[in-house]
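Inspection log for the structure reproduced underneath, given as structure tokens.
The values are calculated or read from the model by the stated rules, or taken from the named source; none is laboratory data. All figures in this text were calculated on a predicted structure; none of them were measured in a lab. Heads up, the Cβs are rebuilt from the backbone with ideal geometry, glycines too, and the neighbour counts pull from every protein chain shown. The area values use the complete protein model at the heavy-atom level, side chains included, leaving out ligands, DNA and RNA. Shrake-Rupley method; radii C 1.70, N 1.55, O 1.52, S 1.80 Å.
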Amino acid sequence: MFGWNKKKVEEPKQKVLVQKPIKLMKNNPMKRAMSSLNLGSSSPVISFGFTGGNQAGNINAIINRTLPVMVAVSRELSIKNGIVKKYVSTNSAGVTGADGLYIRPCTHSSDSEQVNQSIDKQLEDAFYAWSEDPKAFSRCGTLDISTFQRLVERTRSVDGDCFIRIHSRPGELPQIEIIDSMRISTYENQLLPSGNYISNGIEFDINTNRPVAYWITRYSPIMYNYMIEERERVPADEILHLFQQDYPTQQRGIPDVHSGTEKLKELEEFMSAAITSRKVAASAMAFITNPDSDDVQLLTDDSVSYYDQDYLNPAAIVELQAGQDIKTVNPTQTTDGIGEFINNQLMMIAMGLDITKQSLTSDTSNASFSAAKLTDKLQQSTFKSRTNALIVSVLKPLYIAWLKSAMLNSSTLSNLNFSDFNKLTHAQYVQTRQISLDPLKDLQTEVLAIDNGLKSKAMVISEMGYDPVIVMEEIKKENKENGIEPEQEPDEGDQSNADQ
């Protein structure tokens, strides 16, 4: 009566096309790159802490906050980036030379020149008997004096610092150890009860700001980590610290490559984009399209209605579904101005590294002789300043420490007197002579300097890397064997006639 037993008629189900929601790309490198160009973003000066009020951009405060990150980035680039790797090797070769700086004693403890030459020979033989023996010279047993110099300069250019510890041994000559710069931790600055203070891992006298000691973090050789809570206090007399000091009261060095990291990043991004563009230009793309019509039957199950492939296999024969069409695109656009951009970037990177672009790339194309010679002179001037820092901060204190220990513990130097110690420490630090672009003109210049009394023969021979005493003796010996009489100095009468 009321229709309770009537069956309910079900309406037929309509096929509904479900459109999947479109998701935005979360990791969009182009968006990040454009955001970094926003003029309202904080500048590097502000991000380095120059708005810190009381700190006011103090160089030591900047080093304290950013040095570990700078060193990590620099080390990674020196391994993975070809430009940085080339710079590090070129810099160390230019500063120390292929064979390292030669330390030649030049004492003046006696009025007799023959006695001084005998002492110089004695000191030279004793020093190189120690420094050329890796087991006697280095604590690790793998470094001699030449490889030590090269590694010291490489470490300074990559890390910004190089710390050398001199291990004194009772009754024996000292041994040298190069310390990982990150073991001198920049954390835990504090004021000590003695009145001194620790800043960036170095203990300073609060009145003179002179280094008193270095706090070396212990290192786990198994886990490869630094145990910051465990530190060893080493007196400053046992540590040699090499770094490029660019600011007053600067306590630690900055990696050489740090000023060029942004340019290196831009060059890498541009090269990646150029390579991608060339790959796209060399590829053909295909798109499968569906017609805008209601005649195509829609699928209601979970069947795939698209091709789940990014690339079609070569010589593939694909069966399209009903109503589908395929269109092909052959890109032809390439990157323009890539050569000019790379040249400009390399020039900016070379300026940040304080090296010429020609020395950085070893590219001699389109280089004239005069320009190449001027570039070589400018580069040698830069290397000379770094060589001087290596001599003053490392080689001189190292030679003095060895001499003091050798005069106490070595029997070969027992005849030397400690009252003449300051005179005995004099030495020449001769760098390997650079390959000249025009050796004939350079030699003519040296001869003119000798003839006009501006240089002595000993000075010229010493600058060439040879021992003047040995060279002079060999010349006299050869002249005697060949029957050539030595040149005699003109007397006063001949000199006056010559002047007239």
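With open to solvent by 20 Å² or more (accessible area, probe 1.4 Å) and modelled with pLDDT of 90 or more as the only criterion, which of Tyr197, Tyr187, Tyr214 stands out?
Tyr197
Take the stretch 350-389 and flag every residue that is out of contact with any Lys or Arg (no Cβ under 8 Å at 6 or more places or on another chain), of a type in the set (A, V, I, L, M) and modelled with pLDDT of 80 or more.
Answer for the stretch 350-389, where residues must be out of contact with any Lys or Arg (no Cβ under 8 Å at 6 or more places or on another chain), of a type in the set (A, V, I, L, M) and modelled with pLDDT of 80 or more: Met351, Leu353, Ile355, Ala389.
Those residues that are among the aromatic types (Phe, Trp, Tyr) and part of a loop (DSSP other than H, G, I, E, B), I need them from the stretch 152-209; list them, please.
Of everything in the stretch 152-209, just one residue is among the aromatic types (Phe, Trp, Tyr) and part of a loop (DSSP other than H, G, I, E, B), namely Tyr187.
Filter the stretch 222-243 down to the residues that are among the hydrophobic types (A, V, I, L, M, F, W, C) and at pLDDT below 95 and list them by number.
Selection gives Ile222, Met223, Met227, Ile228.
Against the definition (surrounded by 19 or more Cβ atoms within 10 Å (Cβ to Cβ) and touching a Lys or Arg at 6+ places or on another chain (Cβ under 9 Å)), how does Ile254 come out, yes or no? Break it down into steps so the answer makes sense when it comes.
Numbers: surrounded by 19 or more Cβ atoms within 10 Å (Cβ to Cβ): yes; touching a Lys or Arg at 6+ places or on another chain (Cβ under 9 Å): no.
The answer is no for Ile254.
Quick one: in the stretch 444-472, of everything that is at pLDDT below 80 and acidic (Asp, Glu), which residue is surrounded by the most Cβ atoms within 10 Å (Cβ to Cβ)?
So the residue we want is Asp467.
Among the candidates Lys423, Lys441, single out the residue that is open to solvent by 90 Å² or more (accessible area, probe 1.4 Å), charged (D, E, K, R) and without any contact (Cβ under 8 Å) to a residue 12 or more places away in the chain.
Checking each option against the conditions leaves just Lys441.
Being outside any helix (DSSP H, G or I) and polar (S, T, N, Q) is the filter here, so list the residues in the stretch 89-143 that pass it.
Thr107, Ser109, Ser110, Ser112, Ser138, Thr142
Can we say Ser74 is touching an Asp or Glu at 6+ places or on another chain (Cβ under 9 Å), among the hydroxyl-bearing types (Ser, Thr, Tyr), in a helix (DSSP H, G or I) and open to solvent by 30 Å² or more (accessible area, probe 1.4 Å)? Before you say what the answer is, go through the steps one by one.
Numbers: touching an Asp or Glu at 6+ places or on another chain (Cβ under 9 Å): yes; among the hydroxyl-bearing types (Ser, Thr, Tyr): yes; in a helix (DSSP H, G or I): yes; open to solvent by 30 Å² or more (accessible area, probe 1.4 Å): no.
Considered against the rule, which asks whether it is touching an Asp or Glu at 6+ places or on another chain (Cβ under 9 Å), among the hydroxyl-bearing types (Ser, Thr, Tyr), in a helix (DSSP H, G or I) and open to solvent by 30 Å² or more (accessible area, probe 1.4 Å), Ser74 comes out as no.
Which numbered condition in (1) modelled with pLDDT of 80 or more; (2) among the hydrophobic types (A, V, I, L, M, F, W, C); (3) surrounded by fewer than 15 Cβ atoms within 10 Å (Cβ to Cβ) is the only one that Ala316 fails?
Of everything listed in (1) modelled with pLDDT of 80 or more; (2) among the hydrophobic types (A, V, I, L, M, F, W, C); (3) surrounded by fewer than 15 Cβ atoms within 10 Å (Cβ to Cβ), Ala316 misses just condition (1).
Before we move on, is Ser277 surrounded by fewer than 15 Cβ atoms within 10 Å (Cβ to Cβ) and within 30 Å of Gly337 (Cα to Cα)?
Here the answer is no, as Ser277 does not meet what is asked.
Could you please find all residues in the stretch 388-406 being under 25 Å from the mean Cα position of the chain (by Cα), open to solvent by less than 10 Å² (accessible area, probe 1.4 Å) and either of a type in the set (S, T, N, Q) or within 13 Å of Ile166 (Cβ to Cβ) (or both)?
Correct list: Val394, Leu395, Leu398.
Test Ala61 against the criterion of being among the aliphatic types (A, V, I, L, M), in a loop (DSSP other than H, G, I, E, B) and at pLDDT below 95, and give yes or no.
No; evaluated as a whole, the condition is false for this residue.
Check every one of the helices (runs of 4 or more DSSP H) wholly within the stretch 354-442 and list those with 3 or more residues that are within 25 Å of Ala126 (Cα to Cα). Don't jump to the end; show me each part of the working.
Numbers: elements: 357-361, 369-390, 396-409, 421-424.
Hits in the stretch 354-442: 369-390, 396-409, 421-424.
Can you name the residue in the stretch 90-114 that is in contact (Cβ under 8 Å) with a residue 24 or more places away in the chain and among the hydroxyl-bearing types (Ser, Thr, Tyr) and, of all such residues, is farthest from Gln380 (Cα to Cα)?
Checking each candidate, the answer is Ser109.
Could you grab the pairs with beta carbons closer than 9 Å, sequence gap of 6+ or different chains, first residue in the stretch 131-145 and within 15 Å of His167 (Cα to Cα) and without any contact (Cβ under 8 Å) to a residue 24 or more places away in the chain, second one open to solvent by 30 Å² or more (accessible area, probe 1.4 Å) and basic (Lys, Arg)?
Short answer, once both residue conditions are applied: Gly141/Lys135.
Show the residue pairs that are 6+ apart or on different chains and have beta-carbon atoms under 7 Å apart, the first residue being within the stretch 219-237 and under 16 Å from Thr186 (Cβ atoms) and in a strand (DSSP E or B), the second being open to solvent by less than 100 Å² (accessible area, probe 1.4 Å) and among the hydrophobic types (A, V, I, L, M, F, W, C).
Pairs found: Tyr226/Met182; Arg231/Trp215; Arg231/Ile216.
Given (1) more than 21 Å from the chain's Cα centre (by Cα); (2) of a type in the set (Lys, Arg); (3) open to solvent by 70 Å² or more (accessible area, probe 1.4 Å), identify the lone condition not met by Lys357.
(1)
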